[in-house]
Amino acid sequence: MTLERILLAVGPGDAERTDALAEAVIEVAAPAESTVVLAHVFTDDEYEKVLDQLSFDRDVKEVDPNEVAGRHATIRDLRQPLDDAGVSYEVRGSVGDHGKAIVDLATDVSADRVVVGGRKRSPTGKAVFGSTAQEVLLSAPCPVTFVRSSD
């Protein structure tokens, strides 16, 4: 199986695991000479908050989620290790339900692999709060690599 495109999807909970996510994606992407799609997925509420935090002028034009994602700190933190490793990448942003948006992005970019992060959760925690990673693992159109944080 050729790995031409790898989707590395991040969200609001991934700021503390960028090193682990970058290491995991570089380990696969560098030898395969893959392009990594750095994707930040926002819910509607998260997107509105980020637009305010990053001082986007919403009166001038419709704000492009790709531009918002590119300016987000989590994506900026992932760029340097990819640059250092010589891995090519592009940035995508999406607004919607995290799990569904990641699966849709994987399809849209024809990803050969998806990389997502998460934390260890109890079975009760999964049932009560849902799990973005679980939805992606079950619904993605390609293999998924789950990078668990150490917490």
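The values are calculated or read from the model by the stated rules, or taken from the named source; none is laboratory data. What you are looking at is a predicted structure, and each value in this text was computed from that prediction instead of being measured. Cβ placement follows ideal geometry from the backbone for every residue including glycine, while neighbour counts extend to all protein chains displayed. Accessible surface areas use protein heavy atoms only, side chains included; no ligands, DNA or RNA. Shrake-Rupley method; radii C 1.70, N 1.55, O 1.52, S 1.80 Å.
What to note about this one:
- In the stretch 37-61, the residue that is surrounded by the fewest Cβ atoms within 10 Å (Cβ to Cβ) out of those that are without any contact (Cβ under 8 Å) to a residue 12 or more places away in the chain and within 23 Å of LYS100 (Cα to Cα) is ASP45.
- Residues in the stretch 1-36 that are within 15 Å of GLY117 (Cα to Cα), in contact with a helix residue (DSSP H, G or I) (Cβ under 9 Å, 6 or more places away or on another chain) and open to solvent by 50 Å² or more (accessible area, probe 1.4 Å): PRO12, ALA15, ASP19, GLU23.
- Taking (1) at positive phi; (2) modelled with pLDDT under 95; (3) not charged (D, E, K, R) in turn, GLY86 satisfies each apart from (2).
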